[in-house]
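Trainee: Take a look at this one; I'll ask things after.
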Amino acid sequence: MIKATSGKLHWNYFIALERDMESVSRYIEFAKGNFRIYSIELAHLLFAAASEVDVIAKLLCKILAPAKRRRNINDYRIILKAGVPNLHASKVFVPRYGLSLIPWDNWSANLNPVWWTSYNQVKHERDIYFQKATLHNALNSLAALLILTYHFYSYSLAPQGAGPLPPKDTTLQLVPQSTLLRLHDDYYYEPVIT
């Protein structure tokens with residue numbers, strides 16, 4: 001039995017950020033050749049998505065290891081790598097543009113993601129690092145948020161003590177569906193063509 005909730009605040013926030021990213025696609029073609037383009041809007045999206053990654057990572061870590069310290073990305077990495085062993089290999093697809101992203105891949109080498117480092121550099125020393133507020137970093141931060149938000153809801157929507165919901169049952173509960181970024185088709189009951 002799938003547990004209903006009165007609202008999915010974090011999913012709704014992801015969807016709002018995704019819609020903002022879709023608006024960017026009207027001005028910048030989402031193509032590898034444009035990955036180094038940077039702008040104020042991309043900085044805004046990088047900040048918003050990476051900040052929400054911090055929020056969701058902390059919540060997911062609390063579910064996976066309630067007694068462990070979870071003060072920063074290094075603490076999250078230890079807990080999330082143990083609790084979600086394939087996280088570093090998780091792909092997010094942008095079907096409309098033929099792109100695939102692996103936002104957590106650096107965790108396989110115990111390094112923080114490039115987009116996370118860039119987020120912190122732009123946040124703390126914007127005058128030096130503003131050029132790191134790129135399309136590639138903004139897309140990867142949003143992809144990382146999709147992955148963590150999915151995992152958070154796979155646990156929080158499950159019945160108490162039952163473990164995570166199966167992938168398809170989780171995404172079925174995440175409405176409205178994502179329209180720009182997608183997990184692997186195995187996570188959905190019916191593939192949606194976007």
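Trainee: Using the Cα centre as the reference, give the magnitude of the dipole from point charges on the C-beta atoms of the chain (Lys, Arg: +1; Asp, Glu: -1; all else neutral), rounded to the nearest 20 debye. Present the calculation step by step, with values, prior to reporting the outcome.
Mentor: Working: 21 positive and 15 negative charges, 108 e Å.
So the magnitude is around 520 debye.
Trainee: Given the -39500 (n - 2.57) contribution per DSSP H run of 4+ residues, what per-residue ellipticity at 222 nm results for the chain, rounded to the nearest 500 deg cm²/dmol?
Mentor: Computed ellipticity for the chain at 222 nm equals -16000 deg cm²/dmol.
Trainee: Which of the lysines could a cross-linker span from K8 if the Cα-Cα distance has to be under 19 Å and same-chain partners fewer than 8 positions apart are dropped?
Mentor: K58, K62, K168
Trainee: I've got another one for you. Rank L46, L146, N106 by how far each Cα sits towards the positive end of the charge dipole of the chain (+1 on Lys, Arg Cβ; -1 on Asp, Glu Cβ) and give me just the farthest.
Mentor: Going by the Cα projections, it comes out as N106.
Trainee: Oh, and also: Which order do the peptides 157-165, 26-34 come out in when sorted by mean C-beta neighbours inside 10 angstrom, highest first?
Mentor: 157-165, 26-34
Trainee: Would you mind classifying the stretch 32-103 by shape? Square roots of the alpha carbon gyration tensor eigenvalues, ordered a ≥ b ≥ c; an a/c under 1.5 is rounded, otherwise it is prolate if a/b is larger than b/c and oblate if not.
Mentor: Working: a/c = 3.09, a/b = 1.69, b/c = 1.83.
Taking the square roots of the gyration eigenvalues as a ≥ b ≥ c, the stretch 32-103 is oblate.
Trainee: Could you give the length gained on full extension between Q177 and K68, defined as 0.36 nm per residue of separation minus the Cα-Cα distance, in nm?
Mentor: Working: separation 109, 0.36 × 109 = 39.24 nm, distance 3.27 nm.
Net length gain for the segment: 36.0 nm.
Trainee: Relative contact order for the stretch 9-187 using alpha-carbon pairs under 8 Å, separation at least 6, rounded to a whole percent?
Mentor: It comes to 30 percent, rounded to a whole number.
Trainee: Gain in length, D75 to A31, computed as 0.36 nm per residue apart minus the alpha-carbon separation, to one decimal in nm?
Mentor: 12.5 nm
Trainee: Who wins for biggest fluctuation among D127, D20, D75 in a Gaussian network model of the chain, springs between alpha carbons below 10 Å?
Mentor: Per the Cα network of the chain with a 10 Å cutoff, D127 tops the list.
Trainee: State whether the stretch 104-194 is rounded, prolate or oblate according to the following rule on the C-alpha gyration tensor (a ≥ b ≥ c being the square roots of its eigenvalues): a/c under 1.5 gives rounded; otherwise a/b larger than b/c gives prolate, and the remaining case gives oblate.
Mentor: prolate
Read-outs throughout are calculated quantities, based only on the coordinates presented, and are distinct from any laboratory measurement. Here the structure is a predicted model, which means the values were calculated and not measured. Every residue, glycine among them, receives a Cβ derived from its backbone with ideal geometry; neighbour counts consider all protein chains shown.
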